[in-house]
1. Against the condition without any contact (Cβ under 8 Å) to a residue 24 or more places away in the chain and in contact with a strand residue (DSSP E or B) (Cβ under 7 Å, 6 or more places away or on another chain), how does V156 come out, does it pass?
2. Residues that are within 20 Å of the chain's Cα centre (by Cα), β-branched (V, I, T) and closer than 23 Å to V22 by Cα: does segment 119-135 have at least one?
3. I'd like the full set of residues that are closer than 23 Å to Y68 by Cβ and assigned to a helix (DSSP H, G or I), limited to segment 145-170.
4. Has segment 25-34 got at least one residue that is over 13 Å from A60 (Cβ atoms), at pLDDT below 95, crowded, with 19+ Cβ neighbours inside 10 Å and more than 16 Å from the chain's Cα centre (by Cα)?
5. Go through V111, V137, V150 for me and flag whichever is modelled with pLDDT of 95 or more, of a type outside the set (K, R) and surrounded by 19 or more Cβ atoms within 10 Å (Cβ to Cβ).
6. Looking only at segment 60-117, count how many residues are under 16 Å from A187 (Cα atoms) and in a strand (DSSP E or B).
7. Output the number of residues of segment 114-133 satisfying the condition of being on the phi > 0 side of the Ramachandran plot and at pLDDT below 95.
8. Please work out which one of (1) buried (at least 23 other Cβ atoms within 10 Å of the Cβ); (2) among the β-branched types (V, I, T); (3) under 19 Å from D185 (Cβ atoms) is the condition V124 fails and give its number.
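The values are calculated or read from the model by the stated rules, or taken from the named source; none is laboratory data. For clarity, every value in this text was computed on a predicted model and none was experimentally measured. Cβ placement follows ideal geometry from the backbone for every residue including glycine, while neighbour counts extend to all protein chains displayed.
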Amino acid sequence: MLLAIDTSAGTSVAVVDRDGGVLAQRGTPDAMRHAEVIGELITEALAAAGVAPGRLSGVAAGMGPGPYTGLRVGIAAARTFALGIRRPFVPVPSHDAVAWAHLASGGAPAVQIVTDARRREFAVSEYLGLDADGLPVRAAGPVLVPRDEVPAFDGVRLDAAEIPAGGVGMLAELAFAAGRLPLADDAAIYLREPDVTPSPGKRVTR
């Protein structure tokens, strides 16, 4: 079983099992209160699933794309929880989770995932069905585009206000079973530089 967390859009937390599926999922599409709700949602999801932290085999986290401030809340929470229970941290691309949830439920095989990147931009990824291991096949992205310039796509467009943590967790379970971890790098997928950068320092003269 895995605890899964994503804060790349709203905040979503789930407990999943490879055989049992999504045992519990809690979340909110509010993109401004990640730090306020993450602890409560973790507690609620574990309680609803009837799972003690010690029974978890790992913690999966959606790595984005997403805004810098919100995204790092979920990743930090997942890393800390994994460290606390001495289990692996498993990174998963957030758009893949949305695509998997759509495709695994029998949705159209060609799907374009669109999430709000703020600053009048969207983050966009495109997928063409599931592979032999049940994982989504990403054909393009993720990339940043202006909101009125989302590329035309011969398939279904899904605008996601919240990334389902259940999808994040199930992808991690499927990838583990297929021997295909990791699905993502250990670094968050920001697509743009953070607003705050280190100062070059002030030159000192005598």
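1. Values: without any contact (Cβ under 8 Å) to a residue 24 or more places away in the chain: no; in contact with a strand residue (DSSP E or B) (Cβ under 7 Å, 6 or more places away or on another chain): yes.
No; evaluated as a whole, the condition is false for this residue.
2. no
3. Our first condition is that a residue be closer than 23 Å to Y68 by Cβ; within segment 145-170, this holds for 145-147, 149-150, 159-165, 167-168.
The answer is R147, E149, A165, G167, V168.
4. Among the residues of segment 25-34, not one is over 13 Å from A60 (Cβ atoms), at pLDDT below 95, crowded, with 19+ Cβ neighbours inside 10 Å and more than 16 Å from the chain's Cα centre (by Cα), which makes the answer no.
5. Numbers: V137 fails: surrounded by 19 or more Cβ atoms within 10 Å (Cβ to Cβ); V150 fails: surrounded by 19 or more Cβ atoms within 10 Å (Cβ to Cβ).
Unique residue meeting the criteria: V111.
6. 7
7. First, pick out the residues of segment 114-133 that are on the phi > 0 side of the Ramachandran plot: 118-120, 129.
Pick out the ones that are also at pLDDT below 95 and you get 118-120.
Number of matching residues: 3.
8. Condition (3) is where V124 drops out.
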